[in-house]
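**Student:** Please see the structure below; I have some questions.
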Amino acid sequence: MKRLKNIVNPVYDKYLEIPFADYQQKIRFYERHHKELKYLPKDIFNDLFVEYTKSLYQVREIGQFLKIVDRTIELIIIENIENYSGDNLYEELLYMKASALYYQLKHKQAEYVLKELIKIQGASKKTRSLFLKNAVEALRYNDQFIRSMIILLIILSGITIGLELLLVRSFYPEHTGWIEKLRITFLLSGILLFIFQEFRVRFVSAIRYKRILNKSKG
């Protein structure tokens, strides 16, 4: 942010005293003195608004952040604000928006933003990591049937253990052998299905990322 010492404004001077990483104090100060800060030069007020937006993300006030991030992105496009503390501000805010949507389990919206970011950045390690994480979570969430089957198999394994200990070993010891096999079958089936599901969602997510990346290269 531009910290212009030659601006005579008591409220702005107090803002400059806030430590750089004290995001909570920046948020409280901006919200408390919003009206006074509006009288600052336009470019300085815009910088303060950008800093307020980023601070909301840093303290994980995701709901409030998502309410204003589109307005902030629109502002930096209109005002042609390209860089912020050495970073590309447009790309940084897009990443923050995608991350915030991911935290709110809005996987489709997050993927849409990440696709746009991949088109701009190409093979960015940070964006790739978030894309894969979001895609994996989305596939896990959508595959409710497989998740239900895994849970069912684990529950059946637990029930079988209970029956074996409380009933079979005490009253029907001759059936212990096949009950043990049934218990192991349920447990192994659940574990194998879980491993298969994890491999599948990660593989599909990686393929999807490569397709989007290749498409962005034209």
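Coordinate-derived values only; no laboratory data. The model shown is predicted, which means the values in this text are computed figures rather than measured ones. Note: ideal-geometry Cβ built from the backbone for every residue, glycine included; neighbour counts use all protein chains shown.
**Student:** Run down the lysines and flag those whose C-alpha is under 25 Å from the C-alpha of residue 115, throwing out any fewer than 8 positions away in its chain.
**Tutor:** Counting by Cα, and skipping residues close in sequence, residue 115 has these lysines nearby: 54, 67, 97, 106, 125, 126, 133, 210, 215, 217.
**Student:** What translational diffusion coefficient, to the nearest whole µm²/s, does segment 10-104 have by Stokes-Einstein, given a Kirkwood radius computed over alpha-carbon pairs, a temperature of 25 °C and 0.890 mPa s viscosity? Present the calculation step by step, with values, prior to reporting the outcome.
**Tutor:** Numbers: Rh = 13.7 Å.
Diffusion coefficient, whole number: 180 µm²/s.
**Student:** Just need log10 I(q)/I(0) for the chain at q = 0.12, 0.13 Å⁻¹, Debye formula, equal scatterers on the alpha-carbon atoms, no solvent, rounded to two decimals.
**Tutor:** Those come out to -0.77, -0.84, one per q.
**Student:** Where the centre of each part is set by its Cα atoms, how far does segment 111-187 sit from segment 40-101, in angstrom?
**Tutor:** Using only Cα atoms to place each centre, the spacing works out to 39 Å.
**Student:** Just how large is the dipole of segment 10-104 about the Cα centre, in debye to the nearest 20, putting +1 at every Lys and Arg Cβ and -1 at every Asp and Glu Cβ?
**Tutor:** It comes to approximately 460 debye.
**Student:** Take every Cα pair under 8 Å in the chain that's 6+ residues apart, average their separations, divide by the length, and report that relative contact order as a whole percent.
**Tutor:** Computed value for the chain: 15 percent relative contact order.
**Student:** Now for a separate question. Over segment 10-104, what is the relative contact order in whole percent, taking alpha-carbon pairs under 8 Å and six or more residues apart?
**Tutor:** 22 percent.
**Student:** Among the trypsin sites (Lys or Arg not before Pro) within segment 111-218, which fall in a DSSP loop and have no more than 10 other Cβ atoms within 10 Å of their own Cβ?
**Tutor:** 217
**Student:** Say the dipole of the chain comes from +1 at the beta carbon of Lys and Arg and -1 at that of Asp and Glu; which of 21, 195, 107 then lies farthest toward its positive end?
**Tutor:** Toward the positive end, the furthest listed residue is 195.
**Student:** Find, among the trypsin sites (Lys or Arg not before Pro) in segment 34-104, those assigned to loop by DSSP (not H, G, I, E, B) with at most 14 other beta-carbon atoms within 10 angstrom.
**Tutor:** For trypsin sites (Lys or Arg not before Pro) across segment 34-104 that sit outside H, G, I, E and B with at most 14 neighbouring Cβ atoms in 10 Å, the list reads 38, 60.
**Student:** Relative to the first principal axis of the alpha-carbon coordinates of the chain, what is the inclination of helix 42-58, with its axis defined by its Cα atoms, in degrees from 0 to 90 and to the nearest 10?
**Tutor:** 20 degrees
**Student:** Please state, rounded to one decimal and in Å, the Kirkwood hydrodynamic radius that segment 128-183 gives when every pair of distinct Cα atoms enters the mean of 1/r.
**Tutor:** Values: mean 1/r = 0.0730 Å⁻¹.
This gives a value of 13.7 Å.
**Student:** Counting other Cβ atoms within 10 Å of each Cβ, which GluC sites (Glu not before Pro) in segment 49-127 have at most 15 and sit in a DSSP loop? Intermediate results must be reported in sequence, preceding the final value.
**Tutor:** Working: sites: 51, 61, 74, 79, 82, 91, 92, 111, 116; in loops: 61, 79, 82.
Of the GluC sites (Glu not before Pro), the ones in loops of segment 49-127 whose Cβ has at most 15 other Cβ atoms within 10 Å are 79, 82.
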